[in-house]
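Working notes, structure below.
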Amino acid sequence: MFAVSLGDDGAELRPLEPWQAEEFLAHMDRGREFIGTHIALPDFATDLPSARAFLQGYADKTAADAGRIYGIWLDSTLVGAVIFRTFEPAQGNCEVGCWLEEAAVGRGLITRAITTLIDWAVDVRGMHRVEWVASAENTASTNVARRLGMTKDGVLRESYLYRGVRHDSEIWAVLADEWRAARGGRAGG
């Protein structure tokens with residue numbers, strides 16, 4: 001297995017696979033309330049079979065070149081993840097997403113990890129558009145989109161039903177040329 005360093009604080013980005021379901025479930029249990037503030041994932045990964053099924057779903061997406069999941073480890077503990085929720089090579093579009101346990105917030109882990117994903121998507125896979133979809137109420141998430149240099153394309157009013165309440169979703173995106181320009185033409189890989 002490979003690990004990509006996310007900086008000098010020991011944080012690493014690694015594939016998150018079905019055989020790691022116990023570690024993933026422990027992570028969910030530690031962060032369930034905080035993670036569940038804006039996303040439904042904790043409602044679906046509630047025991048070992050459902051945690052394994054969630055990770056298997058992403059293993060299947062990886063095999064189909066339709067999505068991927070990578071864990072964020074800090075001091076050898078899984079504290080969050082970043083995903084290609086959708087990945088459409090034929091169209092050149094993908095959507096990234098993320099979550100973290102509360103104890104790992106404020107360290108720039110998501111910004112660093114998503115930067116790694118976007119570099120790969122644009123420079124290696126030739127993606128043209130990378131999207132970020134977040135609840136309009138999730139200020140931390142929309143702030144990451146801003147830090148990544150994404151543009152807010154619009155708001156889908158009351159598009160997301162979550163725990164019986166309709167929420168607005170904000171769509172943010174960066175185009176390949178914008179991403180490269182913001183990095184000064186640096187090639188990733």
Which condition breaks for residue 30 when tested against (1) under 22 Å from residue 135 (Cα atoms); (2) open to solvent by 30 Å² or more (accessible area, probe 1.4 Å); (3) of a type in the set (D, E, K, R)? (1)
If you go through segment 131-146 one residue at a time, do you hit one that is farther than 25 Å from residue 42 by Cα, assigned to a strand (DSSP E or B) and in contact with a strand residue (DSSP E or B) (Cβ under 9 Å, 6 or more places away or on another chain)? no
Could you list, in sequence order, the residues of segment 147-179 that are touching a residue at least 12 places away in the same chain (Cβ under 8 Å), part of a strand (DSSP E or B) and acidic (Asp, Glu)? 153, 168, 170
Residue count, segment 88-131 (criterion: open to solvent by 10 Å² or more (accessible area, probe 1.4 Å) and closer than 27 Å to residue 25 by Cβ): 16
Selection within segment 110-140 - over 15 Å from residue 174 (Cα atoms) and within 15 Å of the chain's Cα centre (by Cα): 110, 112, 113, 135, 138, 140
Residue list for segment 144-164, restricted to those being open to solvent by 80 Å² or more (accessible area, probe 1.4 Å) and among the small types (Gly, Ala, Ser): none
Among the listed residues 76, 50, which satisfies the condition of being over 23 Å from residue 133 (Cα atoms), open to solvent by 70 Å² or more (accessible area, probe 1.4 Å) and among the polar types (S, T, N, Q)? 76
Is it the case that segment 132-143 has a residue that's at pLDDT 95 or above and open to solvent by 70 Å² or more (accessible area, probe 1.4 Å)? no
Please work out which residue is nearest to residue 112 (Cα to Cα), limiting yourself to segment 132-150 and to residues that are touching an Asp or Glu at 6+ places or on another chain (Cβ under 8 Å) and β-branched (Val, Ile, Thr). 142
So residue 184 clears everything in (1) more than 19 Å from the chain's Cα centre (by Cα); (2) part of a strand (DSSP E or B) except one condition, right? Which one? (2)
Of all residues being open to solvent by less than 30 Å² (accessible area, probe 1.4 Å) and in contact with a helix residue (DSSP H, G or I) (Cβ under 8 Å, 6 or more places away or on another chain) in segment 165-186, which is farthest from residue 123 (Cα to Cα)? Just the residue, please. 170
One residue from 55, 16 being closer than 22 Å to residue 115 by Cβ and of a type outside the set (Asp, Glu): 16
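The values are calculated or read from the model by the stated rules, or taken from the named source; none is laboratory data. In this text, all values refer to a predicted model and were calculated from it rather than measured experimentally. Glycine also receives a Cβ, built like all others from the backbone with ideal geometry; neighbour counts cover every protein chain displayed. Surface areas here come from the heavy atoms of the whole protein model, side chains and all, with no ligands, DNA or RNA. Shrake-Rupley method; radii C 1.70, N 1.55, O 1.52, S 1.80 Å.
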